[in-house]
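K.L.:
What follows is a structure written as structure tokens; I'll ask about it next.
Read the figures in this text as sums done on the coordinates, not as results from a lab. Note that the structure is predicted; figures quoted are calculated from it, not measured. Because the Cβ atoms are built from the backbone with ideal geometry, glycine has one as well, and the counts that use them run over all protein chains shown.
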Amino acid sequence: MEFQSVILEYRLQKGLEQFIPIYHYPGIDLEQILARRECEFFVKEGITYKQLSSAIENDLFVIYVEVYEEGLIEKEEDSTQGIKLEVRELNAEKNHPLIASKYMMNHLNVLSVIGSVYTYEYGKEWERDSAEIDEDRKVYVLYVTPTGYTM
């Protein structure tokens, strides 16, 4: 299947089998769609959505979501160095401590990191828990837990 001009649409679950379109992205790169689809969470306008599933309808890519939690709109990060990816420890009690920040040149590079089960930072092995795209801050976040393995 060859995609000419793709569109991404987020649909919010409103009932058992009812979904309504909430965000529409025409002309988006396929690589960005794939990176977003790898994210279990999507943050926009202070609302965190949890991905339920995804689909392709011809050239329309759909990500189905439900509201996970509501919060404040956070300040946008400076994105002049590329696409920012944060690696954070999954630890709500410590406000998910930042392990590393990286800048990627494209969404395929982001996908290669957030799509991996294990990542290595500062000589330690970390296991992927989940990922999110935070549109408010303009950053991807990879949540990981330590495996105990050191290099």
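K.L.:
Under the condition of being touching a residue at least 24 places away in the same chain (Cβ under 8 Å) and loosely packed, with under 14 Cβ neighbours inside 10 Å, which residue from region 139-149 is farthest from the chain's Cα centre (by Cα)?
P.N.:
TYR149
K.L.:
Of the residues in region 1-21, how many are surrounded by 15 or more Cβ atoms within 10 Å (Cβ to Cβ) and more than 15 Å from LEU111 (Cβ to Cβ)? Reasoning before the result, please.
P.N.:
Here is the first cut: in region 1-21, the ones surrounded by 15 or more Cβ atoms within 10 Å (Cβ to Cβ) are 6-13, 19.
Still in the running and more than 15 Å from LEU111 (Cβ to Cβ): 6-7, 9-13, 19.
Total meeting the criteria: 8.
K.L.:
Tally the residues that are surrounded by 14 or more Cβ atoms within 10 Å (Cβ to Cβ), among the polar types (S, T, N, Q) and free of Cβ contacts under 8 Å to residues at least 24 places away in the same chain, restricting the search to region 102-115.
P.N.:
0
K.L.:
Looking at region 76-101 only, could you name the residues that are under 15 Å from the mean Cα position of the chain (by Cα), among the β-branched types (Val, Ile, Thr) and either surrounded by fewer than 12 Cβ atoms within 10 Å (Cβ to Cβ) or within 22 Å of THR150 (Cβ to Cβ) (or both)?
P.N.:
VAL87
K.L.:
Residues to consider are GLU127, GLU135, GLU70; find the one that is under 25 Å from SER53 (Cβ atoms), touching a residue at least 12 places away in the same chain (Cβ under 8 Å) and surrounded by fewer than 12 Cβ atoms within 10 Å (Cβ to Cβ). Even if it seems obvious, please write down each step before you answer.
P.N.:
Details: GLU127 fails: surrounded by fewer than 12 Cβ atoms within 10 Å (Cβ to Cβ); GLU135 fails: surrounded by fewer than 12 Cβ atoms within 10 Å (Cβ to Cβ).
Matching residue, one of GLU127, GLU135, GLU70: GLU70.
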